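Laboratory data are not the source of any read-out in this text; all were calculated from the coordinates shown. All values reported here derive from a predicted model rather than from experimental measurement. Virtual Cβ from ideal backbone geometry, glycine too; neighbours counted across all protein chains shown.
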Amino acid sequence: MKITGTTRLAGIMGWPVAHSRSPLLHGFWLDETAVDGAYLPLPVQPEHIGEALRALPILGFRGCNLTIPHKQTALSVVDRVEPLARRIGAVNTIIVAPDGTLEARNTDAFGFRENLREAVPDWHPATGPAVILGAGGSARAVVAALTDAGVAEIRIVNRTLTRAEALARDLSTSTTRITVHSWVEASQVQRNAGLLVNTTSLGMTGEPPLVLDLLSLPPSAPVVDIVYVPLETGLLAAARQRGHPVVDGLGMLLHQGRPGFEAWFGAAVRVTPELRAAVVATLVPPR
Ligand SMILES: NC(=O)c1ccc[n+]([C@@H]2O[C@H](COP(=O)([O-])OP(=O)(O)OC[C@H]3O[C@@H](n4cnc5c(N)ncnc54)[C@H](OP(=O)(O)O)[C@@H]3O)[C@@H](O)[C@H]2O)c1
């Protein structure tokens, strides 16, 4: 990569940020498209997020991604929040407009939808209710994607019921009913479901395992795990063994980067097997 006087700048703000795969992802696309651009890790402590975002236009940045812990706090800093991000209650992509104002988007719902479309093209929103495990930030993006896709019923299973109830209140629509369930009901709610998605951190390396039997889930229902470390979680391994179509979380991560890249650097990009392999190489520790 060569930096010039006209190099377009973007990056990712997080604290910590060193673990992020976004510089690798955007660096891959910059090489592939030969755009004169650079994408930098920007370690920003929580108390500085306002100043850091306001500095983007001053420093000539086109925008940035946001990761933990800035995805909610940035909402009150920016000038405009797209309606989808407002509904989800979190933003992960900032675009500096030509007049220097800041526009915020949430591309996780887009990433989830695109990954699902690509991985299970035969899945249809009318197949049956969707079961979502979890009610955190990513669950809200997944639920928004599924309501927009036209799923008529979404069943949320979460440990903290008040959090799931808030999600249901915020995201249900005239065409999508959202119901809330405890883990005791996790098996029962899978009956006649058309899709199951894990959005909890259970099953992630370093977190407790996700213990769930899939006996009631119709065999044709795809099982998605948005956790991508490890790539094949215990849930996906069990689902694969039972013959379900399975979808790992890496595709969502890769697809969510596309709108930001296109806005900052002005080139359309794709998620290819080469890109996936480059990122997978960073997930699997060398033996
Ligand atoms: N593939 C992607 O692009 C992508 C994007 C975003 C996130 N993710 C992954 O998704 C996962 C969740 O992220 P998030 O941002 O939604 O996190 P979050 O807002 O902190 O939510 C965490 C969720 O996990 C549940 N949970 C955590 N520990 C639990 C336990 N011991 N028992 C039962 N439930 C538990 C929480 O339940 P309570 O509400 O009861 O606490 C909550 O529903 C992470 O692993 C993250 O890496 C992937």
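Computed quantities for the displayed model
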item	result
Out of Leu167, Leu217, Leu231, Leu212, sole residue that is within 21 Å of Ile68 (Cβ to Cβ) and either buried (at least 20 other Cβ atoms within 10 Å of the Cβ) or in contact with a Pro (Cβ under 6 Å, 6 or more places away or on another chain) (or both)	Leu167
Strands (runs of 3 or more DSSP E) wholly inside region 22-109 that include at least 2 residues being more than 19 Å from the chain's Cα centre (by Cα) and not small (Gly, Ala, Ser)	37-43, 61-66
Failed item in (1) over 27 Å from Asn92 (Cβ atoms); (2) near the ligand (Cβ under 10 Å from one of its atoms), with Asp225 passing the rest	(1)
Scope region 235-251; condition touching a strand residue (DSSP E or B) at 6+ places or on another chain (Cβ under 9 Å) and within 16 Å of the ligand (Cβ to nearest atom); matching residues	Leu235, Leu236, Val246, Val247, Asp248, Gly249
Selection count, region 252-266, where residues are among the charged types (D, E, K, R) and within 16 Å of the ligand (Cβ to nearest atom)	1
Count of residues meeting criterion [crowded, with 18+ Cβ neighbours inside 10 Å and away from the ligand (no atom under 16 Å from the Cβ)] in region 106-144	3
